[in-house]
Every structure is written in structure tokens, then in C-alpha cells.
Amino acid sequence: MEDQEPMTPEGLDSLRKELQRLRGPERTKISEEIGRALEHGDLKENAEYHAAKEKQGMMEARITELKGLTSHAEVIDISKIAKSDRVIFGATVTLLDLDSDEEKTVRIVGHQEADAKLDKISFRSPVAKSIIGKKEGDEVVIRTPGGNKTVEIMEVEYIG
């Protein structure tokens with residue numbers, strides 16, 4: 001059996017929606033593209049056909065990946081966990097960089113959900129690994145490829 005993959009309920013929902021979209025409208029669209037390309041005749045020099053088949057292969061690979069991820073999801077619903085000031089998976093944490101005096105708020109999520117633009121960090125990231133288990137007011141040294149960074153945990157929120 002494969003390992004369970006922790007994720008938030010929102011993360012699982014997002015993966016399921018992507019899987020549904022790929023299995024439905026996207027499969028139909030690619031099948032139509034392949035059909036149109038076949039009408040052009042000779043497949044040896046039919047770039048449109050080869051591009052559509054490659055796109056189909058990549059989509060089918062993603063479908064297989066999504067099936068695996070959703071079937072092995074370990075959903076952690078933070079709204080059902082007793083409130084605490086400790087940092088855990090799913091928590092939204094405000095950090096104060098003690099060198100630059102800048103505040104940054106991040107949410108610790110599953111690996112597949114991580115998105116730096118949305119301030120969602122993987123529980124496997126150096127930042128998350130450094131702060132999980134710590135509590136509000138703790139100073140933490142985060143080891144990053146760019147060097148060590150000291151932060152203070154300003155606030156821990158359990159937003160479900």
C-alpha cells in the first residue's frame with residue numbers, strides 16, 4: 001500500500017474537480033482534435049495529429065496521477081481539531097522576520113496544494129518543518145538554501 005498523502009479538504013476538492021474536468025470536457029476536446037487531425041490524411045507528416053496525441057498522453061498521465069492522489073488522500077480538517085497556539089498541518093501562521101522586521105502569513109498545506117503566490121507552503125518545506133510543533137511567541141531558526149533566518153511566531157490560526 002502506498003503512503004497516505006496529507007491534504008486539506010480544499011486541496012482534495014480541487015484535485016477532484018481537476019480530475020472531473022480532465023475526464024469529461026478535456027477528453028472530449030482532445031478526441032475532437034485528434035479526429036480533425038485524422039481528416040488531414042497522412043499521419044507520418046501530420047504535426048497536428050502528433051501534437052494532439054502527445055497532449056492526450058500527458059492528460060492521461062495526469063488523470064492517473066490524480067486518481068492516485070485522491071485515493072491516497074489523508075484529509076486533515078483543521079476545523080475539527082481542538083484549538084491551540086501550536087503550529088500544525090493546516091494552520092495559518094503569521095511570522096515576523098527578526099532581521100528585516102517583515103511579517104508574512106502562510107498556511108501549511110499538503111505537498112500538492114502548495115502555491116507560493118497564495119502563501120500556501122508544503123508541510124515538507126524548510127519553513128514548515130521548522131515551525132510545526134512550535135507555538136505563538138517562539139523564536140525559530142529556519143535553515144534555508146539562502147542561509148539561516150530567525151522568525152518569531154506571531155499568531156497561529158485554525159481557519160477551516
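The values are calculated or read from the model by the stated rules, or taken from the named source; none is laboratory data. Since we're looking at a predicted model, the values are computed, not measured. When we count neighbours, we look across all protein chains shown, and the Cβ atoms used for this are built from the backbone with ideal geometry, even at glycine.
Per the conditions (1) among the hydrophobic types (A, V, I, L, M, F, W, C); (2) not in a loop (DSSP other than H, G, I, E, B); (3) not assigned by TED's automatic domain parsing to the domain that holds E33, the sole criterion not satisfied by A51 is (3). Whenever a residue of the range 114-138 is hydroxyl-bearing (S, T, Y), its partners that are modelled with pLDDT of 95 or more and assigned to a helix (DSSP H, G or I), lying with C-beta atoms within less than 7 angstrom and at least six residues away or across chains, give the pairs S122/A128.
Determine whether the range 73-93 contains at least one residue that is assigned to a helix (DSSP H, G or I) and without any contact (Cβ under 8 Å) to a residue 60 or more places away in the chain. No, there is no match, as no residue in the range 73-93 is assigned to a helix (DSSP H, G or I) and without any contact (Cβ under 8 Å) to a residue 60 or more places away in the chain.
So, Q112, is that one in a helix (DSSP H, G or I), within 25 Å of the chain's Cα centre (by Cα), of a type in the set (S, T, N, Q) and more than 30 Å from K134 (Cα to Cα) or not?
Values: in a helix (DSSP H, G or I): yes; within 25 Å of the chain's Cα centre (by Cα): yes; of a type in the set (S, T, N, Q): yes; more than 30 Å from K134 (Cα to Cα): no.
In short, no.
Evaluate the following for G68: is it within 23 Å of D13 (Cα to Cα) and loosely packed, with under 15 Cβ neighbours inside 10 Å? Yes; evaluated as a whole, the condition is true for this residue. In the range 15-48, the residue that is farthest from Q112 (Cα to Cα) out of those that are among the hydrophobic types (A, V, I, L, M, F, W, C) and in a helix (DSSP H, G or I) is L38. Residue pairs whose Cβ atoms lie under 7 Å apart, sitting 6 or more positions apart in sequence or on different chains, and linking a residue in the range 39-59 that is more than 17 Å from T28 (Cα to Cα) and of a type in the set (F, W, Y) to a partner that is at pLDDT below 85 and in a loop (DSSP other than H, G, I, E, B), do not occur here.
Based on this model, can you work out whether D97 counts as in contact (Cβ under 8 Å) with a residue 12 or more places away in the chain, among the acidic types (D, E) and more than 25 Å from E152 (Cβ to Cβ)? Answer is no for this residue. Among all residues of the range 77-95, there is none that is over 30 Å from L12 (Cβ atoms) and over 17 Å from the mean Cα position of the chain (by Cα). One residue stands out among those in the range 11-38 that are touching a residue at least 60 places away in the same chain (Cβ under 8 Å) and small (G, A, S): the one that is surrounded by the fewest Cβ atoms within 10 Å (Cβ to Cβ), which is S14.
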